[in-house]
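Visitor: The structure's right below; bear with me while I get my questions together.
Values in this text are rule-based calculations from the coordinates and carry no lab data. This structure is a prediction, so every number in the text was calculated from the model and none was measured. Don't worry about glycine lacking a Cβ; one is built from the backbone with ideal geometry, like all the others, and counts go over all protein chains shown.
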Amino acid sequence: MNVRVFYHDRCFDGACSASIFTRFHRERIGTAKTFDYVGLAHQAGGVFNNVEYSEGENAIVDFKYSNAPEVTWWFDHHQSAFLSDADRAQYEAGQKDGTETMRKYFDPNYTSCTGLIAHVAHRDFGFDTAPLLELLHWADIVDGAKYESAQAAVEMKEPAMKLTLVIESAPDSLFGQKLIPLLTEMPLQKVLDQDFVQEALGPQLEKHHASIEMIRERSKLERGTITFDITDQPTEGYSKFIPYYLMPEANYVVGLSKSSFRVKISVGTNPWTKLMPADLVNIAAICERYGGGGHARVGAISFAPDKEEDARKAAAVIAEELKKSPL
Ligand SMILES: [Mn+2]
C-alpha cells in the first residue's frame, strides 16, 4: 500500500510536517509499503483541481481541508484552513459522529503544523517524539518567524535557516521527494551536508548575499524609517529582515521593488523595535488606503508594472507619514 503525502510546498514547516507524518505512520500505523510526496500551492482557480490521489491512503499536512473521500488523514494549523463553510461543516460533523476523529486534526493554536502532528501522534498513537526535538524546535521558530534577532534571520548560521532557504526555492518536485524523508532520519546539519542540498543551496546563498548588498547600497534611514528603491534591479524576492539587519535602530521600512508582474511597496515594522506596541503605526490601515493590505505590523501594495511612478509617489507619502510617527 502506498501513502501519498500532500504538503504545503516551498515551506519549511510543510516539508517537516510531511516528514514527521511519514515517520509516525511507519512506526505506529505500519500499513504502508511506500510513501510519495506531492507539494500543494495556493493558486487561483482552486487548489485541489488537478490533484491525483493514491489508490492507498492520502494525507494532507500543513494545507487546506479537502472534502474528497480519498483523503484519509489531515493536519492543519492555518486560520484559513477551510475553503468553504460546507467544508467546515463536513469536518465538524465527522468530529462529532466519531468517524473522522482519529484522522483529521485542526488546531490554529499551534505555531507549526509539525508541532501539531507530533502532539497528536504522541497523545493518540504513542509515537515517540524524543528523537525529533531539534526539528520541532526549528519548525516553530521558522513558521512563527520567532527569530531571536535580525542577525540570526539574515546570517542564516543555523542549518535550519539554510534549509528554509533551499526549501522555499526548491528547484523541482524531485527535490522534495528526496529531502522530506531525510528530515526525520538525521540531524539537520547532516541533511544540509547532502550533495544535492549543497548544490541547490549555492546559487540561493549567492542571490541572498547580492540582495543584502543591493539593499545596503540603497537604504536611507531618517527619523526611524528606512527607505529603499531597487526597481531598477528586478527581483523575485528578498528576505524582509535584511533592512533591520543593516539598520537595527530603525522602526519601519518602506521598500520599492519590481518583479516580472508588478511593482511592489513593502511596508514593515521592525520585529525587534524598542517602541511599545501601543505606539506603533497600523501598517494594514496605511496599505489599504492604496488598495493594498496586510497585518498590523507588515503590509504591501502592488501596482501594475507600468505604474511605477504612482508607486514611487505613494511610497514617498507613506515614508513621510511614518517619519512623523512617535519615536
Ligand atoms: Mn505551517
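Visitor: Apply the Debye scattering formula to the stretch 2-195, with a single equal point scatterer on each alpha-carbon and no solvent, then give log10 I(q)/I(0) at q = 0.09, 0.12, 0.15 Å⁻¹.
Guide: -0.31, -0.56, -0.89
Visitor: Just flag the chymotrypsin sites (Phe, Trp or Tyr not before Pro) in the stretch 191-286 sitting in loop per DSSP whose Cβ has no more than 12 other Cβ atoms within 10 Å.
Guide: On the way: sites: Phe196, Phe228, Tyr238, Phe241, Tyr244, Tyr245, Tyr252, Phe261, Trp272; in loops: Tyr238, Phe241, Phe261, Trp272.
Passing sites in the stretch 191-286 are Phe261.
Visitor: How about the stretch 88-178: which GluC sites (Glu not before Pro) there are in a DSSP loop, with at most 14 other Cβ atoms within 10 Å of their Cβ?
Guide: Answer in residue order: Glu148.
Visitor: Separate question: Under 14 Å between alpha carbons, and skipping anything fewer than 8 positions from Lys33 in its own chain: which aspartates and glutamates qualify?
Guide: Hits, sequence-local ones excluded: Glu55, Glu57.
Visitor: Next question, about the same structure. Please label the shape of the stretch 203-327 as rounded, prolate or oblate, based on the square roots a ≥ b ≥ c of the eigenvalues of the alpha-carbon gyration tensor (a/c under 1.5 means rounded; beyond that, a/b larger than b/c means prolate, else oblate).
Guide: oblate
Visitor: Which of Ile141, Ile20 comes first, and how do the rest follow, when ranked by fewest Cβ neighbours within 10 Å?
Guide: Ile141, Ile20
Visitor: Find how many whole Å separate the alpha carbon centroid of the stretch 81-123 from the alpha carbon centroid of the stretch 1-44.
Guide: 16
Visitor: What is the angle, in °, between the Cα long axis of helix 173-182 and the longest principal axis of the Cα atoms in the chain? Nearest 10 is fine, range 0 to 90.
Guide: 70
Visitor: For Asp13, Asp87, what's the fewest-to-most ordering of other Cβ within 10 Å of each Cβ?
Guide: Ordered by Cβ neighbours within 10 Å, fewest first: Asp87, Asp13.
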